[in-house]
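The values are calculated or read from the model by the stated rules, or taken from the named source; none is laboratory data. Predicted model only: the values in this text are computed from it and were never measured. So basically every Cβ, Gly included, is an ideal-geometry build from the backbone, and we count neighbours across all protein chains shown. With ligands, DNA and RNA removed, areas are computed over all heavy atoms of the protein, side chains included. Shrake-Rupley method; radii C 1.70, N 1.55, O 1.52, S 1.80 Å.
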Amino acid sequence: MKDFLSKLPKAELHLHIEGSLEPELMFALAQRNNIQIPYKSIEEVKEAYKFSCLQDFLNIYYAGASVLIQEEDFYDLTMAYFTKCHEENIIHTEIMFDPQTHTQRGIAFETVLNGIQKARNEAQEKWSISSFLIMSYLRHLSEEEAFVTLKQSLPYKHLIEAVGLDSSENGNPPSKFYKVFEASAKEGYVLLAHAGEEGPADYIWEAIDGLKIVRIDHGNNCLTDDKLVKEIIQRDLALTVCPLSNLELKVVSDLKQHPLKIMLDKGVKVTVNSDDPAYFGGYLNQNFISIQEALDLSKEDVVLLAKNSFQYSLLEENRKQELIRLVEDYALKN
């Protein structure tokens, strides 16, 4: 099964590029850019990766991002992730990036985007890995600040497929961002948002009814509201579930208690993703392997998860069907 999962063709729909910053690269970039980070060794960084909640993680995540200064840094970061995609049979990926994490430090929007874009072009050319960019608004900041980011993005609209909403969920409901999401839709961006990771089911309602998102990032807490589960199924909204992230951030205390199988059995369209793999102990294949073992998922279950990853991507319908057939052919032969 491990071998089957490792070679299974798949897409990743919930990946924060800043969250793929491995300790080794963090140190190398800190040195290159002469940045002081609060860790003396790679081991010390890894030791800090013991989180009790989302906020614990975010504190380290933002400290790590401080080493990203030049276009070359964003290229190196993104290329390291694409190398993993190539190794793990990820054919398509939808990459979230947090411009505000960088523009707030005085890094130009174009510096961030140009570095990421260079790696996207190279991965497409070298390995035929397709990718879309999702520009995430930071929910702990104001809607006014999100509007500034929207405006900064407009010259690069042709390179960005969607907008998202991430960062500290509790106390920052989706309703805080209704206007900027409406404005983002008018600019042609697809709408996505994190909802129901730590926040209540009400946040998911706000995200689907108020923000009008087409896919739910995380969404674990939908299971506390039967009416919401029915609505998600009826609207054919997928959840981008992140098992190892949920474990590390104490959303679940044990992967054996993870709700993914319950969601599947109820008919919810679930996808598996790595979220912030450098911090949560594994890239996409490890998430597949760990959740399959913990919940004793069948071959049919994991094939469905892989097919969902393409079906609920932002790719065009013809391409989706082509990639779903690839998964089906692989499953038949293995």
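Per residue, the accessible area of the chain comes to 40 Å² when a 1.4 Å probe rolls over the protein heavy atoms.
Are any of the pairs LYS40/LYS157; LYS151/LYS261; LYS10/LYS212 more than 29 Å apart by Cα-Cα distance, and if so, which? Walk me through the numbers on the way to the answer.
On the way: LYS40/LYS157 40 Å; LYS151/LYS261 41 Å; LYS10/LYS212 26 Å.
Pairs exceeding the cut-off: LYS40/LYS157; LYS151/LYS261.
Let me check against my output: what whole-number percent is the relative contact order of the chain, with C-alpha pairs under 8 Å and at least 6 apart? Before the final figure, lay out the partial values.
Working: 553 pairs, mean separation 67.9, N = 334.
Relative contact order of the chain: 20 percent.
One decimal place: the segment ALA28-VAL148 gains 40.1 nm when fully extended, by the rule 0.36 nm per residue minus the C-alpha distance.
How much length would be gained if the chain were fully extended between GLU293 and LYS2, taking 0.36 nm per residue of separation minus their Cα-Cα distance, in nm to one decimal?
Numbers: separation 291, 0.36 × 291 = 104.76 nm, distance 0.92 nm.
Working it through step by step, the gained length comes to 103.8 nm.
State whether region 1-107 is rounded, prolate or oblate according to the following rule on the C-alpha gyration tensor (a ≥ b ≥ c being the square roots of its eigenvalues): a/c under 1.5 gives rounded; otherwise a/b larger than b/c gives prolate, and the remaining case gives oblate.
On the way: a/c = 1.81, a/b = 1.52, b/c = 1.19.
Prolate is the answer for region 1-107, as a/c is 1.5 or above and a/b outweighs b/c.
Amide H to amide H distances under 5 Å link THR93 with GLU12, SER130, SER131, PHE132, where only residues 5 or more positions off or on other chains count and H is placed in the peptide plane. Phi-derived couplings, Karplus 6.51 cos²θ - 1.76 cosθ + 1.60 at θ = phi - 60°, listed residue by residue for region 91-102: 8, 9, 9, 10, 9, 8, 9, 10, x, 5, 4, 9 Hz, with x used for Gly and Pro.
Highest mean first, the peptides 18-29, 141-152 sorted by other C-beta atoms within 10 Å per residue fall in the order 18-29, 141-152. Rounded to the nearest 500, the helix-only mean residue ellipticity at 222 nm of the chain stands at -15000 deg cm²/dmol, with each DSSP H run of n ≥ 4 adding -39,500 (n - 2.57). Subtracting the Cα-Cα distance of LYS333 and LYS266 from their residue separation scaled by 0.36 nm leaves 21.3 nm.
Computed over protein heavy atoms with a 1.4 Å probe, the carbon and sulfur contribution to the accessible area of the chain reaches 49%.
Dipole orientation for the chain: of the candidates THR78, LEU29, GLN100, THR78 has the Cα lying most toward the positive pole (charges on Cβ; Lys, Arg +1; Asp, Glu -1). Between GLU44 and GLU110, the simple label model (points 7 Å from Cα in the Cβ direction) yields a spacing of 3.8 nm.
Put a dot 7 Å past the Cα of CYS53, heading toward its Cβ, do the same for LYS230, and the two dots end up 3.4 nm apart.
Backbone amide hydrogens, once placed in the peptide plane, bring LEU165 within less than 5 Å of TYR137, ALA193, HIS194, excluding anything fewer than 5 places away on its chain.
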